[in-house]
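Structure, as structure tokens:
The values are calculated or read from the model by the stated rules, or taken from the named source; none is laboratory data. Just so it is clear, the model here is predicted, and its values are computed rather than measured. Cβ atoms come from the backbone with ideal geometry, glycine included; neighbour counts cover every protein chain shown.
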Amino acid sequence: MTTESRSNSRVVSLIAALLAAGIALLACFNLAFGLANDVFGQGFVNAIYAAANTMSVVPFALVGALIVWYQNRNTIGWLLLVIAGSITITGLATSIGMYALVLHPGSLPGAIWFAWLVSWLPVVWLVAIPLIPLLFPTGRPRTRRGYWVADAILAYGVVLFPFAALQAELKLYDGAKDILVGRNPLGVIPQQAITILSVPSLILLVIFLVASIVSLGLRYWHGAHVERQQIKWLLAAVALVLAVLVLTNVLAVPDPLNGTLQTLTLYAIPIAIGIAILRYRLWDIDIIIRKTLTYALVVALLLIIYFGSVILLQQIFANLTNLQGNEMITIISTLAIAALFVPLRNKIQDLIDRRFYRKKYDAQKVLQEFAEMVRDETDLEKLTARLIEVVDETMQPKGVSVWLKTTPNDRQQTTEKTL
């Protein structure tokens, strides 16, 4: 790398860092403005939801800046900054617009332009989001067809922008519904045309998102081991977000606690992207997935056993004594759960390893057998030969060398084998 290219790289990295800092400051200002003017509503729970929702862009901006800092040619970093920046400005413009056009009409001259910003800025991050799975993790499409999809997504954004920016009416979302706040100063496209085009544009967006996800799946299927690990991080984060979304709705968690939990889990996506692309503790994802699957299944089964045993014992106890022994039944069920936890966890872990991590499971079995052999074997040559076989089966190296420590008077013994 020449001196000029290094200088350009530092300038680009510095620009990304400044953009991330600016986005964080705008998010803080947006939160402070919204809380001070009751844009988000009153109450402690609403304030927590506002903080979680407004500051959710900060992880995207920081991770994007880090990616650009270390890999300034990786487009993913810039996409994260674009998404964070456009969402931040949209949120700030919405807050100011709600204050000046809905809560206190006429308090701020020219406030209608904030509503105009809100009309087209979502196009930016709606176009950027499908590009993330399409370009992840290298920052470029995997095949020529991927480049066609990327070009089609960008063309979609270019066509959609004038329709959004030149629509006749301007609306703001207050958290529950869209509120009409006035006519667009630049509006030349009738609102009926916008309504008619909204459905096909949404269908196209879904098609692009599906194509990007399919491309990510093909990249995982044909990718090298490192690339698969990187994709696992992103998929694990998305799975967490979807799981929380489903659970909070199934359990009927009330608003705004529902939205707060869902928003907080979104933080996992930029963190996972940063770990994957920067390859920080990249291989830990297998441990996280294994442990998550294990303990999720264990907890689910123990809950079923617990409530099933409570109902069963309640019925038996009531038939025998004609009394309701709630405390005794709870104690018995709790002791049963405590006794079942460790064997159930080990059984499920063994089942998951055999089903999803066969190589690791086989390696553990080989090491366990070798440990049992070491206790009984006294022949050093047989033990050394078996050690080489174990290393070959579990690690699969190109070669193995064993050095045996001896006394100063003896000649050092070395066993080597090329595999």
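Screening residue 189 on (1) at pLDDT 90 or above; (2) more than 25 Å from the chain's Cα centre (by Cα); (3) of a type in the set (Val, Ile, Thr) shows it passes everything except condition (1). Could you tell me whether the stretch 122-145 includes any residue that is more than 24 Å from residue 274 (Cα to Cα), assigned to a helix (DSSP H, G or I) and small (Gly, Ala, Ser)? No, every residue in the stretch 122-145 fails to be more than 24 Å from residue 274 (Cα to Cα), assigned to a helix (DSSP H, G or I) and small (Gly, Ala, Ser). For the stretch 44-74, a residue qualifies if it is surrounded by fewer than 20 Cβ atoms within 10 Å (Cβ to Cβ) and hydroxyl-bearing (Ser, Thr, Tyr), and exactly one does: 70.
Taking the stated definitions as given, is residue 156 modelled with pLDDT of 90 or more, surrounded by 14 or more Cβ atoms within 10 Å (Cβ to Cβ) and in the same structural domain as residue 99 (by TED's automatic domain parsing)? So residue 156 passes the test.
Kindly provide the set of residues from the stretch 274-286 that are modelled with pLDDT under 75 and either in contact with a His (Cβ under 9 Å, 6 or more places away or on another chain) or not charged (D, E, K, R) (or both), ordered by number. Those that are modelled with pLDDT under 75 and either in contact with a His (Cβ under 9 Å, 6 or more places away or on another chain) or not charged (D, E, K, R) (or both): 282, 283, 285.
Based on what the data block shows, is residue 95 at pLDDT below 90, not in a helix (DSSP H, G or I) and not acidic (Asp, Glu)? Answer is no for this residue.
The set of residues from the stretch 126-148 being over 22 Å from residue 233 (Cα atoms) and surrounded by 20 or more Cβ atoms within 10 Å (Cβ to Cβ) comprises 126, 127. Could you count how many residues in the stretch 1-28 are modelled with pLDDT under 90 and either more than 27 Å from the chain's Cα centre (by Cα) or closer than 20 Å to residue 96 by Cβ (or both)? Result for the stretch 1-28: 11.
You will find that of 289, 271, the residue that is at pLDDT 80 or above and under 16 Å from the mean Cα position of the chain (by Cα) is 271 and no other.
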